[in-house]
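Read through the structure below, which is laid out as structure tokens, and then see the notes.
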Amino acid sequence: MNRTNNAAYIAGIVAGIAGLLVFLALHALWIVPIWFILPVGQIFAGGGGLAVGWAYAELFQRLPKRPWTVLAMVGLISATLLPAVVLAELRAPVFTVTPTGPVQTVATPIIVARFCGDLLATATIVGGLAGWWLGRTRRAALATAVAGFVFALGPGHNIPLIGGTPGVGKEFAIMTVVIGISALVLVEGHAWLAARERRHAILDEVAL
């Protein structure tokens, strides 16, 4: 495990937690506060961020240089979720909003099937294909497939549930901001950590 990869893994964890905090803040301001999920959410966000950091480490040499790296990562993450977004908008909504609250309009097994097939499966497959195309290795394909899965399970988990509902605009706006902030923290965090590791390596060589 080299130092560059270590920097990507750490930056990924930080980016995942940063994305969670942004999501919770926007959700509280724009929809309803759900801060109670923060303790458990940090664990899942950190683990998901680690997976994204692994994918970033595998693709790093094939991505454009900063500042375009952030846009490339935003595009890559968005591409993994796009099929799920399209399918959610094409299908009948799973909930109808009434004055007394949301009412489920689709059978639970169908909702589960959409969540697993339309979201998790498509994000995993598209992520893997993107990793293979960019990284040209099985390891890169595996890393981006896992990253696509965890990103769908995390920030993208509401996609099959909100398609065709009045809340879709807010949720997609929040998700866009979360993806952008997460990508920015990942790229800039990795750059800072990698530079720090290089400085330490030089100092270690001089000390010898």
> From the residues I10, L24, I159, which one has its Cα farthest along the dipole of the chain in the positive direction, the dipole being from +1 and -1 charges on Cβ of Lys/Arg and Asp/Glu about the Cα centre?
Replying inline: I10
>> Given 20 °C and 1.002 mPa s, compute D for segment 13-97 with the Stokes-Einstein relation, Rh being the Kirkwood radius over Cα pairs; round to the nearest whole µm²/s.
In response: 142 µm²/s
> Can you list the residues, at least 5 places off or on another chain, whose amide H is less than 5 Å from the amide H of F95, using H built in the peptide plane?
Replying inline: T105
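Considering the convex hull of the alpha carbon atoms of segment 109-186, report its projected area averaged over all viewing directions, in nm², one decimal.
5.6 nm²
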>> Helix-only estimate, please: 222 nm mean residue ellipticity of the chain, summing -39500 (n - 2.57) across DSSP H runs of length 4 or more and dividing by its residues, to the nearest 500.
In response: -25000 deg cm²/dmol
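In whole percent, how big is the carbon plus sulfur part of the accessible area of the chain, probe 1.4 Å, protein atoms only?
Values: 8090 of 11180 Å².
Carbon and sulfur atoms account for 72 percent of the accessible area of the chain.
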> Looking at the P(r) of the chain, how many percent of alpha-carbon pairs lie beyond 23 Å?
Replying inline: 48 percent
> Counting only heavy atoms of protein chains, what accessible area per residue, in Å², does segment 132-191 have with a probe of 1.4 Å?
Replying inline: 43 Å²
> Around V177, what is the net charge, scoring Lys/Arg as +1 and Asp/Glu as -1 over all other residues with Cβ under 15 Å from its Cβ?
Replying inline: 0
>> Could you give the length gained by full extension between L29 and R198, i.e. 0.36 nm per residue of separation minus their alpha carbon distance, to one decimal place?
In response: 56.8 nm
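The values are calculated or read from the model by the stated rules, or taken from the named source; none is laboratory data. Keep in mind that what you see is a predicted model, and the values were worked out from it rather than measured. Every residue, glycine among them, receives a Cβ derived from its backbone with ideal geometry; neighbour counts consider all protein chains shown. Calculation scope for accessible area: heavy atoms of the full protein, side chains included, ligands and nucleic acids excluded. Shrake-Rupley method; radii C 1.70, N 1.55, O 1.52, S 1.80 Å.
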